[in-house]
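No value in this document is a laboratory result; all are computed from the given coordinates. Everything quoted here is computed from the prediction, not taken from an experiment. So basically every Cβ, Gly included, is an ideal-geometry build from the backbone, and we count neighbours across all protein chains shown.
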Amino acid sequence: MAMTGAQIRKKVMDLYPEIEKFNLNVSAEYNADKEAWIVTLENGSSSMFTHMDSTHASSCIDKHNCIYFSNQMMGFIDNYCTESGACTI
């Protein structure tokens with residue numbers, strides 16, 4: 001199954017609903033050269049992105065095996081919130 005950025009975004013939002021509470025924008029775009037999804041978090045002028053290996057993303061979306069996906073996203077969200085200060089209520 002071919003994944004879309006909307007599916008990646010939805011999975012991130014499902015796994016980390018606090019993103020909405022912090023008014024963060026999430027986007028995902030496939031980079032064919034890297035064979036990876038570029039997931040971006042942003043709030044105003046502050047943004048950060050990570051590369052999500054397409055096999056890990058596919059495993060999470062298609063097979064509901066989200067260990068690698070969720071571990072990477074958890075660290076990414078923590079880094080973004082710590083460095084940007086954007087995760088305040």
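Summary table below
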item: Length-normalised contact order for the chain - Cα pairs under 8 Å, 6+ apart - percent; result: 25
item: Lysine pair number, Cα distance threshold 17 Å (strictly under), the chain, separation 8 or more or different chains; result: 4
item: Debye, to nearest 20: dipole size of the chain, +1 on Lys, Arg Cβ, -1 on Asp, Glu Cβ; result: 200
item: 0 to 90° range, to nearest 10: angle between helix 54-63 axis and the chain longest Cα axis; result: 80
item: Global geometry of the range 44-89, whether rounded, prolate or oblate, following the gyration tensor of its Cα atoms and the 1.5 cut on a/c; result: prolate
item: Backbone HN-Hα couplings from phi across the range 36-47 [Karplus 6.51/-1.76/1.60, Hz, Gly and Pro as x]; result: 8, 8, 9, 9, 10, 10, 8, 8, x, 8, 8, 8
item: Between helix 67-84 and the chain: long-axis angle, C-alpha atoms, 0 to 90°, nearest 10; result: 20
item: Alpha-carbon spread of the range 13-65, three principal axes, descending order, Å; result: 30, 25, 10
item: Rounded D (µm²/s) - the chain, Kirkwood Rh over Cα pairs, Stokes-Einstein at 20 °C, 1.002 mPa s; result: 164
